[in-house]
Amino acid sequence: MASPRTASPTSLWTRQFLLVLSLNSVFAIGFNALVPLLPLYLASFHASDSDIGLVVGIFGLGALLFRPLSGQLVDRFGARRVSIVGALLFVVTTPLMAFTTLVPALIALRLVQATGLVSFWTASTALGMGTAQATRMGVAMGFLGMTGPFGGLVASPIAVPAADLLGWQGAFIAMGLMALVAVAMCLAVGVAPRGPRTPVRRSLVNRAALTPALFFWSWALTQGPILGFAPLLALDRNLGNPGLFFAVFSLSNTIFRPAIGIAVDRWGPPVVALPSLLVSAVGIAMIGLADTQGWFLVWAFIYGLANGGIYTSLMTLAIDRSPGNERGSAIATFQWGWDMGMSISSTVLGTVTGLLGYGGIFVVSAVAPIIGSGLFTWSWRTRRLYVPARAAAIE
């Protein structure tokens, strides 16, 4: 049987795929606006630092716990239905957050919001990949992967001015309305008729996606320093506005993904994933060693480029190795690697910051993708981990 990657290419730009790209982008703008505004909102009513950390960070715990179940929901009820429900949870919880200053209530809302966001991103990714042809999975994943960083690029510069203009309640309601627009667009996405159901034994973790998730996890262990300590590193070394670092990172993370997707389709996911892991290791270490703003931003750009390569190639690998009726659980298992990597690195490296310094934890975290690239090379050459037994049947 010929590999789907050797078949003749077909058009990717269907109405369905464009709709999914659009609704993901709209939702991503609303979601990313919340990232800088939530800590500022908490500080506006003098919440303590520990309360701010708890309300912001509880999202990661909710995502970590709910992510595997979200994949099962997609496989059982369909990607469009789960996308709509997930977005509606964001529509409801986000405005409610601006109407309370009670930390326990905000924690509860944040946990519900986490389940909604995890459900939406798992389902909308499956929805988009379901509209793409087998020969174009890599480039489809490249464009779908652009939507999150694109939302950050658009939302970051306008979120705080919008809150100044509209007030907290108006800004949070506006974010909810963005998600509501995404729901309306999602309703317009057609889905193929579902065939007769056959009993399938499902588990929370998709075996076929476990190996790509492991390698993605090795990269995600570098995200704790980036998201938690890059601003503090910038301030400690007088490297300029920390927001510029994230803007440059998001820019390179966004613009190269279509080209990366084309490379994945042409040469296969491993050819892109392996150098991307190595480049990310160099990038994260050099960010920690940067002593001028110029180099700080150069390495942010390179690290963001590697991020696009890792996510696009390994997500495509996870989907390639999974049967179509298990695509939701494959995506959830893969993205679970990020949840675990981010949670572990933030906790562990945060405890040794006093010993290593801000720059030191960036350098230390580079060990993880180096080990990941070594394991990837071994598994690719021996195929002991690269193709799990159950997934091999679909080749």
Q. Arranged from highest to lowest average of other beta-carbon atoms within 10 Å per residue, in what order do the peptides 258-266, 206-214 appear?
A. 206-214, 258-266
Q) Just how large is the dipole of the range 1-191 about the Cα centre, in debye to the nearest 20, putting +1 at every Lys and Arg Cβ and -1 at every Asp and Glu Cβ? A) 700
(Q) Using helices alone, I'd like the mean residue ellipticity at 222 nm for the chain: each DSSP H run of four-plus residues gives -39500 (n - 2.57), total over residue count, nearest 500. (A) -28000 deg cm²/dmol
**Q.** Alpha-carbon Rg/Rh ratio, for the range 205-395, with Rh computed the Kirkwood way
**A.** 1.00
Q. In what order do F376, F99 fall by count of nearby beta-carbon atoms within 10 Å, going from fewest to most?
A. F99, F376
Q: Quote the relative contact order of the range 1-191 in percent (integer), defining contacts as alpha-carbon pairs under 8 Å separated by 6+ residues.
A: 44
Q. Can you give the direction-averaged projected area of the convex hull of the alpha-carbon atoms in the range 1-191, in nm²?
A. 11.5
**Q.** Packing rank of 303-311, 330-338, 78-86, where each peptide gets the mean count of other beta carbons within 10 Å, highest leading
**A.** 330-338, 303-311, 78-86
Q: Calculate the dipole size of the chain relative to its Cα centre from +1 charges on Lys and Arg beta carbons and -1 charges on Asp and Glu beta carbons; express the result in debye to the nearest 20.
A: 1540
**Q.** Range of Cα positions in the range 93-179 per principal axis (Å), largest first
**A.** 50, 27, 16
Q.
Please compute the Kirkwood hydrodynamic radius over the chain, one decimal place, Å, based on all pairs of different Cα atoms.
A. 21.3
Q. Where nothing but the Cβ of Lys and Arg (+1) and of Asp and Glu (-1) is charged, how large is the charge dipole of the range 205-395 around its Cα centre, in debye to the nearest 20?
A. 460
Q. If you take the charge dipole of the chain about its Cα centre, with +1 on Lys and Arg Cβ and -1 on Asp and Glu Cβ, which of P104, V367, S379 is farthest toward its positive end?
A. S379
Q. Which whole-number percent gives the relative contact order of the chain, counting Cα pairs below 8 Å spaced six or more residues apart?
A. 25
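Values quoted throughout were computed directly from the atomic coordinates according to the rules given, and no laboratory measurement underlies them. On a predicted model such as this, the values are computed, not experimentally measured, just so you know. Reconstructed Cβ throughout: ideal geometry from the backbone, glycine too, with neighbour counts over all protein chains shown.
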